[in-house]
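> Just dropping this structure here.
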Amino acid sequence: MEESRTIEKVVNLAKRRGFIFPSSEIYGGLSAAYDYGPLGVELKNNIKRTWWKMFVSERLDMVGLDAAIIMHPKTWEASGHLDNFSDPLVECKKCHRRFRYDHLLEDKTIVPQHDKTKPIDPKDIVCPECGGELTDVKQFNMMFKTFMGPVEDSASIVYLRPETAGGIFVNFKNVLDTQRLRLPFGIAQIGKAFRNEITTENFIFRTREFEQMEVEYFIEPKGWEKHFDSWLGVMRDWCKFLGLKKEDLVEVEISEKDRAFYSKRTIDFEYKFPFGQKELYGLAYRTDYDLTQHQKASGQDLAYTDPVTREKFLPHVIEPSLGVDRSFLAVLLSAYTEIDGGRSTTTKAIKDVEVVLKLPYQLAPIKVAVLPLSKKEELSKVSQDILLKLKKNFVCVYDETASIGKRYRRQDEIGTPYCVTVDFDSLEDKKVTVRDRDTMEQERIAIDELAAYFQEKLNY
Ligand code: ATP
């Protein structure tokens, strides 16, 4: 990751241009909660839409689902979340800050004199903020709890889902019975998940409310390797589509000792964020753990019967699990490009560092900016007509303030692939100038052909 792409610069751009705002900002903000602004919601929707296309609608073996966020609490008992979905917590005895013990180990805050041949004792680790002594490790459950209905007693406790996968497993039988599906097939879901993380950090990388895009792909246990490899390929294609550079991505094979006990293979996709190499996505072969657990806890028969051999068994599962917000952050970081001295030769104003957000065109929040060369009424009228026509198919903006060079820069900074400039010649020849964000090449295109031109260029 290049030095110039610091997290501060991206956070600043995101706030300044309306991608991401601190949540409830007028009340001082809420720690690690963020709102996606007008440009952010477009980019986020584009990420989700293209994921759905690539992982669901373009395939023959996938269907979708949108399950409730608040589910029967037994779901989380069965899945093991209520007992085990916890992170190791330590507290500083001096400043009372709380940390995730495993993160402190990763961050190497271990006191220098620690003998590496011996197991690590919490006492060998000090508070990274004040150097104070830490408490013993406690397990802290991350499930968000609330009450369902008017009575606040233990019988009405429910949880916000900590992952979208649970909704898929409990609907496995419903989907199977209604969709005439045969193995292998998958169910996908995009939705919010909630985890009461001990520490939140690094902008939208780790928050307590976030969004996931998950697939549970049901298979026969025999030959699971080929399905795993095939999803590995899909995830690699996805990362490429997002514009993530190969050198910023690392696939980490998780060793048996670090995998969940039921998983026979797990690969984490890690991304070299400016604050360290961290998990972006996960791909896991979860065997038949989930369906077994839900079958046991619900007492329902969740088995699949092979229509040819009549063999009855619980399908196994391959799970690609992706975070929407982490995708968003990696996309912004990968696209953020600074050009020293600017790249335009036409405008004097453009001499300092120029920022171009080189987003894949399909992800760009705004596809086309319509820019009349002057505010004169005859140009405004033609420009507004063009805008209204293009808006039927593309997210467009209109900007008539400042010099044309400055307006191009504004659009470059938010990643708009095309600018349409309407000038006085346009009134005569019924053509406009289309400028490409990356090549800066300009083409004269007939107004009547604009929609078809962008349709083709933007791959709609
Ligand atoms: P981490 O080790 O970073 O806590 P995890 O291994 O617990 O992540 P999973 O349970 O595998 O994460 O969740 C699947 C995906 O959901 C992650 O790869 C990530 O993209 C996303 N995700 C998980 N927790 C968060 C969070 N607190 N904020 C934003 N995204 C998250």
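The values are calculated or read from the model by the stated rules, or taken from the named source; none is laboratory data. It should be emphasised that the depicted structure is a prediction, and the values quoted were computed from it without experimental measurement. FYI the Cβ positions are ideal-geometry reconstructions off the backbone, even for glycines, and counts take in every protein chain you see.
> Tell me, which residue of the stretch 203-223 that is among the aliphatic types (A, V, I, L, M) and over 21 Å from F144 (Cα atoms) is nearest to the ligand (Cβ to nearest atom)?
The residue in question is V215.
> Which condition does T200 not pass, out of (1) within 16 Å of the ligand (Cβ to nearest atom); (2) at pLDDT 95 or above, if it passes all the others?
So the condition that T200 fails would be (2).
> State which residue is surrounded by the most Cβ atoms within 10 Å (Cβ to Cβ) when the search covers only the stretch 229-255 and only residues that are closer than 19 Å to K48 by Cα and basic (K, R).
By that ranking, first place goes to R236.
> Only residues that are touching a strand residue (DSSP E or B) at 6+ places or on another chain (Cβ under 7 Å), in contact (Cβ under 8 Å) with a residue 40 or more places away in the chain and surrounded by fewer than 19 Cβ atoms within 10 Å (Cβ to Cβ): list them for the stretch 289-315, please.
F313
> When you go through L332, L363, L388 one by one, which is the residue that is away from the ligand (no atom under 16 Å from the Cβ), farther than 30 Å from Y289 by Cβ, at pLDDT 95 or above and within 28 Å of the chain's Cα centre (by Cα)?
None of the others qualify; the one that does is L363.
> Which residue out of D87, D66 is within 33 Å of the chain's Cα centre (by Cα) and at pLDDT 90 or above?
After applying the criteria, what remains is D66.
> Further question: Counting only residues that are in contact (Cβ under 8 Å) with a residue 60 or more places away in the chain, give me the helices (runs of 4 or more DSSP H) lying completely in the stretch 395-460 with at least 1 of them.
404-414, 450-457
> Give the residues of the stretch 252-296 that are β-branched (V, I, T) and in a loop (DSSP other than H, G, I, E, B), sorted by residue number.
Of everything in the stretch 252-296, just one residue is β-branched (V, I, T) and in a loop (DSSP other than H, G, I, E, B), namely I254.
> As an exercise: evaluate G29 against (1) assigned to a helix (DSSP H, G or I); (2) modelled with pLDDT under 95 and give the number of the one condition it does not meet.
Of everything listed in (1) assigned to a helix (DSSP H, G or I); (2) modelled with pLDDT under 95, G29 misses just condition (1).
> Yes or no: the stretch 151-159 includes at least one residue that is within 16 Å of the ligand (Cβ to nearest atom) and surrounded by 15 or more Cβ atoms within 10 Å (Cβ to Cβ).
Within the stretch 151-159, one or more residues are within 16 Å of the ligand (Cβ to nearest atom) and surrounded by 15 or more Cβ atoms within 10 Å (Cβ to Cβ).
> Let me ask something else. State the number of residues belonging to the stretch 46-70 that are closer than 24 Å to N459 by Cβ and part of a strand (DSSP E or B).
Result for the stretch 46-70: 2.
> In this structure, does K138 turn out to be more than 16 Å from the ligand (Cβ to nearest atom), free of Cβ contacts under 8 Å to residues at least 40 places away in the same chain and of a type outside the set (S, T, N, Q)?
Considered against the rule, which asks whether it is more than 16 Å from the ligand (Cβ to nearest atom), free of Cβ contacts under 8 Å to residues at least 40 places away in the same chain and of a type outside the set (S, T, N, Q), K138 comes out as no.
> Of all the residues that make up the stretch 165-205, how many are out of contact with any helix residue (DSSP H, G or I) (no Cβ under 9 Å at 6 or more places or on another chain) and either more than 28 Å from K15 (Cβ to Cβ) or surrounded by fewer than 13 Cβ atoms within 10 Å (Cβ to Cβ) (or both)?
Adding up the residues that qualify gives 10.
> While we're on this one: Conditions first: (1) in contact (Cβ under 8 Å) with a residue 60 or more places away in the chain; (2) in a loop (DSSP other than H, G, I, E, B); (3) within 13 Å of the ligand (Cβ to nearest atom). D325 passes all but one, so which condition is the exception?
Single failed check for D325: (2).
> Here is a further query. From the set of residues in the stretch 256-273 that are more than 15 Å from the ligand (Cβ to nearest atom) and at pLDDT 95 or above, which is surrounded by the most Cβ atoms within 10 Å (Cβ to Cβ)?
It comes out as K264.
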